[in-house]
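Below is one structure; the comments refer to it alone.
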Amino acid sequence: MSLLIALLAFGLGVVWLELRHRLRPSSPLQMHPINWTVSSCPGKLRAEGVLEIHNPHLQMEVFIPELRVNPVLLGKADPSIFQVNTSIKADHPDEETRPDRYWVAYIVKGGKTTRVQITIDIVGPYPLERVDSLWVDVHWGNYGPFGHLQRRQGVVVPLSHPLPLTAAEAQFIPGDGCQVLPLQTHLLGPLDDAIEVLRRYASAIVEPGDVLTLGETPLATIQGRYRHPSEVEPSMVARLVCRAFHPTSSLASACGMQVLIDVVGPSRVLVAFLGGLLMRLVGVPGWFYRLAGCQARLIDDVTGTTPPYDQSLVLGPRHSASFCREAATALGVDVAVVDVNDLSRVKVLASSAGCDEALLHRALRLNPAGNANQRTPLVLIRPGLN
């Protein structure tokens, strides 16, 4: 009888956690960057584009009481000599834009979409010699039945692109029964198409039999799967469970754990925690990750990836298998999405049909792409030695 009562109490507790999780304050508004372009003239760069804001909730109306943009210049030298001017223009479907560009509090009705036009001018001598990327850091308020939320979302706008290598320029690194070639790209983000990135930087070099790999974190950032910690509100479960992890784990912070909870739910995380604890007591570690799902191993906490994403929590990518199939068809070689670190650990998230995963483990064991700021998310693997 006491066991039945305990199970009933546990079940009610799980239901309560799920309800609390689903009813927590949150805004349905979604922001996506579109149509960004970069133009230049002597002494000036201009980046301009659109932030599209959509309300998928059919009944809820959400206010945007304020919106501002903080542009951050990224490059290889001090950009402080430049003057940066930002212009924000509301482009609502049902309201006129004020000539002074003042942001008037706006209501995004259920199922509706609005747009914001952003123009950022970078003025100074030879800007492309100092900066190569622009981080458009958007701070915006959401106000509605959930209360008032301060939200923060950023997007990378590449100001320049490295020239793709030609076959004559490629310098492969000898490996274990293979050769590897890290390929440098621009700083990747939601404005990119992953297959087009592979085509741009690898199509002139790949040969039949090659394997082209893309890091899981760059693919995730292209898919927009990153969140600023200010947008994450840790729950009681997150604050409790995160304390059981090693300090270097991405799940050792309350925000890192909460991101996982937002993906799989609090009850699954709690069950994984209890199950993992029991299995560890009998000498079988790693069961938390098996029970919590693949995303538990893929989340990168703050500082876990290259700037400017080092200030965000980055989730694992979606639909890796379908991406590999489509990319392999487009390029005519095998494609894989991988997670590699400096500890010689190689995890293949997905690969195209027939890909030699043993070759991937041998070739990537020494992490030729690096984990710092090399900007080499692509690695071309060529079986055999010349």
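The values are calculated or read from the model by the stated rules, or taken from the named source; none is laboratory data. What you are looking at is a predicted structure, and each value in this text was computed from that prediction instead of being measured. Neighbour counts are summed over all protein chains in view; Cβ atoms, including those assigned to glycine, are modelled from backbone coordinates with ideal geometry.
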Study note, to complete from the structure: Reported set for region 219-240 where residues are out of contact with any strand residue (DSSP E or B) (no Cβ under 8 Å at 6 or more places or on another chain) and modelled with pLDDT under 95 is 233, 234, 235, 236, 237, 238, 239, 240
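For every residue, the table says whether it meets (1) at pLDDT 90 or above; (2) in contact with a helix residue (DSSP H, G or I) (Cβ under 7 Å, 6 or more places away or on another chain); (3) assigned by TED's automatic domain parsing to the domain that holds residue 72; (4) surrounded by fewer than 19 Cβ atoms within 10 Å (Cβ to Cβ).
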| site | (1), (2), (3), (4) |
| --- | --- |
| 151 | yes, yes, yes, yes |
| 154 | yes, no, yes, no |
| 163 | yes, no, no, yes |
| 177 | no, yes, no, yes |
| 180 | yes, yes, no, no |
| 183 | yes, yes, no, no |
| 189 | yes, yes, no, no |
| 193 | yes, no, no, yes |
Revision key, fill the gap. Within region 259-278, residues within 9 Å of residue 292 (Cα to Cα) and of a type in the set (Gly, Ala, Ser) come out as 272
Check your understanding: Does region 45-61 contain at least one residue that is modelled with pLDDT of 95 or more and small (Gly, Ala, Ser)?
Key -> yes
Study note, to complete from the structure: Of the residues in region 343-352, those that are within 16 Å of residue 214 (Cα to Cα) and either among the basic types (Lys, Arg) or in a loop (DSSP other than H, G, I, E, B) (or both) come to 345, 347, 352
Practice item. Can you tell me which residue within region 264-301, out of those that are charged (D, E, K, R) and either more than 24 Å from residue 313 (Cβ to Cβ) or surrounded by fewer than 16 Cβ atoms within 10 Å (Cβ to Cβ) (or both), is modelled with the lowest pLDDT? Key: 280
Point to revise | Residue in region 221-249 that is surrounded by the most Cβ atoms within 10 Å (Cβ to Cβ), counting only those that are without any contact (Cβ under 8 Å) to a residue 60 or more places away in the chain and part of a loop (DSSP other than H, G, I, E, B) | key: 234
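Look through region 134-161, keep the residues that are of a type in the set (Phe, Trp, Tyr) and in a strand (DSSP E or B), and return whichever of them is nearest to residue 115 (Cα to Cα).
So the first thing to find is which residues in region 134-161 are of a type in the set (Phe, Trp, Tyr), and the list is 135, 140, 143, 146.
Then keep just the ones that are in a strand (DSSP E or B); that gives 135, 140, 143.
Details: 135: 19, 140: 13, 143: 17 Å.
Only one residue tops the list, namely 140.
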Revision key, fill the gap. Those residues of region 108-143 which are touching a Phe, Trp or Tyr at 6+ places or on another chain (Cβ under 6 Å) and within 13 Å of residue 28 (Cα to Cα) amount to 143
Check your understanding: All but one of (1) in a helix (DSSP H, G or I); (2) crowded, with 19+ Cβ neighbours inside 10 Å; (3) at pLDDT 95 or above hold for residue 317; which doesn't?
Key -> (1)
Exercise for review: Pull up region 32-52, narrow it to residues that are of a type in the set (A, V, I, L, M) and within 21 Å of the chain's Cα centre (by Cα), then point me to the one that is nearest to residue 221 (Cα to Cα).
Suggested key: 34
**Study point:** Residues of region 162-187 satisfying the condition of being outside any loop (DSSP other than H, G, I, E, B) and closer than 13 Å to residue 201 by Cβ
**Key:** 181, 182, 183
Practice item. Considering only residues that are modelled with pLDDT under 95 and not in a loop (DSSP other than H, G, I, E, B), look in region 18-33 and name the one that is nearest to residue 115 (Cα to Cα). Key: 22
Revision key, fill the gap. Checked 365, 345, 382, 280 against criteria (over 22 Å from the mean Cα position of the chain (by Cα) and without any contact (Cβ under 8 Å) to a residue 60 or more places away in the chain); the one match is 280
Review point. What number of residues within region 78-120 are outside any strand (DSSP E or B), in contact (Cβ under 8 Å) with a residue 12 or more places away in the chain and more than 21 Å from residue 39 (Cα to Cα)?
Key: 11
Check your understanding: Within region 342-358, which residues are closer than 22 Å to residue 331 by Cβ and in contact with a strand residue (DSSP E or B) (Cβ under 6 Å, 6 or more places away or on another chain)?
Key -> 346, 348, 349, 350, 351, 352, 355, 357
